[in-house]
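This report concerns only the one structure given below.
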Amino acid sequence: MERGDYMKKSVIERISEPQPGPTQAEIDWAIVAGKEPERKPVRYFKHKETGHEYLYILGAFALPGLNLPGYAVVIGLDRHEHPKHKVHLIRALEETEDRTAEGLMKKCIDLQKKYNAYPVMHRLWYADIDEVGFDMALAGIKAGGKELYDICPASGPHGEKDHVWKANLLFLSQHAKFLDRKFCPRLRSYMSQGPKNLREVMAFKPENNPAIAAIAVGISALLINKAWFWEVEGSAFNLPMDDDF
């Protein structure tokens, strides 16, 4: 599908706001560096229906488990800090489930069309899955009547660590207090059933709770990769660990 077709179906719009010209200091530095002075526009993503603004939006999924359906979620990072909590809240925008890898991939592609605004959600989803799981995901795309390039599962930022799920889950535990889940009630329920101590964290596998696996990978990718950093000036931040949100 062409990018233009995605944009027509999307509820997300990419906004670029021109900025004032470069300062004298920036001009001086450009001369020293032998480059043209530049002031990049501020870019962000706006929901066409709600008007809500995000620094970035991405999707994450986990394949079906032994007794639970596969789960996918779209999350966004607020453009502005919350006035009370003084952090950029993470919003779970929409969730979906399916009992088969094929069905889940088809639903992921549908969500991708809905939330796409290049470069966000542009064929890219995060999922820490092994080679067998990756082959299942690709098979699911084919079975859903889609081309392989319609969706591109990428490993989360902890994918190369010895204890991937320990890293994913500990990162989730640090930031879950700033996750708004009101639009994803199933996620709230699944998270209440998650690991309760380090022993359970170390024993965790994605098939135990695909929803927790998906949100853990998604939040890790969103906050560690900071894809918006080069688009929006001054958006690097540290989330404090205080009272629950």
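The values are calculated or read from the model by the stated rules, or taken from the named source; none is laboratory data. Only a predicted model underlies this, so the values are computations on that prediction, with no experimental measurement involved. As a convention, Cβ positions derive from the backbone with ideal geometry for all residues, glycine included, and neighbour counts pool all protein chains shown.
Restricting attention to region 178-207, the residues being without any contact (Cβ under 8 Å) to a residue 60 or more places away in the chain and touching a strand residue (DSSP E or B) at 6+ places or on another chain (Cβ under 6 Å) number 0. The set of residues in region 32-47 being surrounded by 11 or more Cβ atoms within 10 Å (Cβ to Cβ) and at pLDDT 70 or above consists of V42, R43, Y44, F45, K46, H47.
Tallying residues that are of a type in the set (K, R) and closer than 14 Å to L172 by Cβ within region 198-218 yields 0.
Note on region 59-175: enclosed strands (runs of 3 or more DSSP E) holding 2 or more residues that are at pLDDT 85 or above and touching a strand residue (DSSP E or B) at 6+ places or on another chain (Cβ under 8 Å) are 70-78, 90-98, 124-126. Can you confirm whether region 181-203 contains a residue that is modelled with pLDDT of 80 or more, surrounded by fewer than 19 Cβ atoms within 10 Å (Cβ to Cβ) and hydroxyl-bearing (S, T, Y)? Yes, because at least one residue in region 181-203 is modelled with pLDDT of 80 or more, surrounded by fewer than 19 Cβ atoms within 10 Å (Cβ to Cβ) and hydroxyl-bearing (S, T, Y). When the residues of region 83-101 are filtered to those that are surrounded by fewer than 19 Cβ atoms within 10 Å (Cβ to Cβ) and free of Cβ contacts under 8 Å to residues at least 40 places away in the same chain, the one that is farthest from Y44 (Cα to Cα) is R99. Is it fair to say A221 is over 19 Å from F45 (Cβ atoms), assigned to a helix (DSSP H, G or I), modelled with pLDDT of 85 or more and of a type in the set (A, V, I, L, M)? The answer is no for A221.
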